[in-house]
Amino acid sequence: MPTEPTASDLRGEVVYLYAFDVANEIRLDRAAELLAGRSTPFAVRPDRPAPKTVPVSRPLVVEPPVPAASVNGSALRLHVRVFEVGVVSATVRVPFAGGALAALAPFHTPTLNDGRPLDALAREQCDDVCRAIGAALVRPVERSEPEAYTVFALAHLGGDRDANRWLAGHEREVAGLLTGTPGDRLSGAQVADVLRLRRSFENTDLVVIDWDAALVVDPDRGAEDVLFVIELANLQLEEFRWMDRQLDRYLDRAYDDLARRQWWSFGAMGRILRSLRQLRVDLTKLADEVAHITKFVGDWHLARVYLLARERFHLDRWRESVEQRLAEVDRLYTLTRGDVYERRMLWLEIVVVVFFAVDLFLLLSK
């Protein structure tokens, strides 16, 4: 039988992940120079057997001064990671001790002690880092709302160290925590769906991934590697959503430009053609880099955790959506290029006819 935790048994921290798209690309070597010793490369160091030749993602980690702010009376820890794909990810960690799972529900909507939402602090940290590495940003973009995700990381469950056995006795509470809805109000089907995507390597560790939040139990290793995998999946979701929005906006504008063009607007056609070509190259490169950022996963357990996050975040569908719109850009590029060539041929024929007419007139006037 599982040991029922007392009010002081649960200990750990709530980890908030905020992914900001800040540029088309970030030159990490240049960023490291600009940060002047304030950053260090980061890489997962799994303690389980793993292939030695797998490429490793090494973003820059910046640990800013500890802010004076707090959440629910708890001091904050935070760091910022800078990724080559043009994303800055801010991670804010809030420790907790004591209380049941239901007591963690207010952490879904964290508010600073000064009344501001927690994402305001994350944005400030992102802006500070971006100002410091401004020269390393390739084609900066206007920052929108970040892609946010919450992880409840438990380091202590009480007397029972078997995480799966503990979960079996607290399924409704865990489902309620991850969905932000009291567990006794959830249907059995909803509870089963929330707990469907889970992974455990040893009896003491556990990962349950839902759409808005995840539960991670790892008292021995501290869950740093699992948190990084989830951070990467959240980063990919932000990038694919950003690309999808950009493509929607750009295609609408391109179709409007083409619909309004006059037959003599050869220069406008050339601008549309160059813009389409640049967009296609940039987004194709970015989509490929984002999709391959997880090549570092040489630890099979971490690879499976990533696959769970990829399924829950629907990353494959987001990439398919981006690829479909890129195909639409290709089609529009091809049609526009064909139209440009037809216009060139038309003008060439007009010039030939004019010269022929002038030559004929001169010949007859003699």
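The values are calculated or read from the model by the stated rules, or taken from the named source; none is laboratory data. Just so you know, these numbers come straight off a predicted model, no measurement behind them. Glycine gets a Cβ as well: all are built from the backbone with ideal geometry, and neighbour counts include every protein chain shown.
Give LEU17, LEU78 a once-over and let me know the one that is over 17 Å from ASP128 (Cβ atoms), surrounded by 17 or more Cβ atoms within 10 Å (Cβ to Cβ) and at pLDDT 90 or above.
Exactly one residue qualifies, and that residue is LEU17.
Quickly run through region 11-42 and pick out the residues that are hydroxyl-bearing (Ser, Thr, Tyr) and over 11 Å from VAL80 (Cβ atoms).
TYR16, THR40
For LEU157, all conditions in the list (1) hydrophobic (A, V, I, L, M, F, W, C); (2) modelled with pLDDT of 90 or more; (3) more than 28 Å from LEU237 (Cα to Cα) hold save one; what is the number of the exception?
(2)
State yes or no: is THR109 loosely packed, with under 15 Cβ neighbours inside 10 Å, under 22 Å from ASN72 (Cα atoms) and hydroxyl-bearing (Ser, Thr, Tyr)?
Judged against the criteria, THR109 is a match.
If a residue has to be among the β-branched types (Val, Ile, Thr) and under 22 Å from the mean Cα position of the chain (by Cα) to count, how many in region 144-199 make the cut?
Total satisfying the criteria: 4.
Given the residues VAL66, VAL56, VAL44, VAL22, which is the only one that is at pLDDT 80 or above, closer than 21 Å to SER89 by Cβ and in the same structural domain as PRO110 (by TED's automatic domain parsing)?
Numbers: VAL66 fails: at pLDDT 80 or above; VAL56 fails: at pLDDT 80 or above; VAL44 fails: at pLDDT 80 or above.
So the residue among VAL66, VAL56, VAL44, VAL22 that is at pLDDT 80 or above, closer than 21 Å to SER89 by Cβ and in the same structural domain as PRO110 (by TED's automatic domain parsing) is VAL22.
Does region 84-101 contain at least one residue that is part of a helix (DSSP H, G or I) and either over 18 Å from LEU235 (Cα atoms) or touching a strand residue (DSSP E or B) at 6+ places or on another chain (Cβ under 7 Å) (or both)?
Yes: one or more hits.
Write out, first by first residue and then by second, each pair whose Cβ atoms fall under 9 Å of each other, whose residues are 6+ apart or on separate chains, and whose first residue, in region 302-327, is more than 16 Å from PHE201 (Cβ to Cβ) while the second is loosely packed, with under 14 Cβ neighbours inside 10 Å and modelled with pLDDT under 85.
ARG325/ASP248
Looking at (1) closer than 30 Å to ASP205 by Cβ; (2) surrounded by fewer than 19 Cβ atoms within 10 Å (Cβ to Cβ); (3) modelled with pLDDT of 70 or more, which is the one condition that is false for GLY298?
It is condition (3) that GLY298 fails.
Considering each residue of region 65-75, count those that are surrounded by 15 or more Cβ atoms within 10 Å (Cβ to Cβ), touching a residue at least 24 places away in the same chain (Cβ under 8 Å) and assigned to a strand (DSSP E or B), and give that number.
1
Given the conditions (1) in contact with a strand residue (DSSP E or B) (Cβ under 7 Å, 6 or more places away or on another chain); (2) in contact (Cβ under 8 Å) with a residue 60 or more places away in the chain, report the number of the one that ALA105 does not fulfil.
For ALA105, the exception is condition (1).
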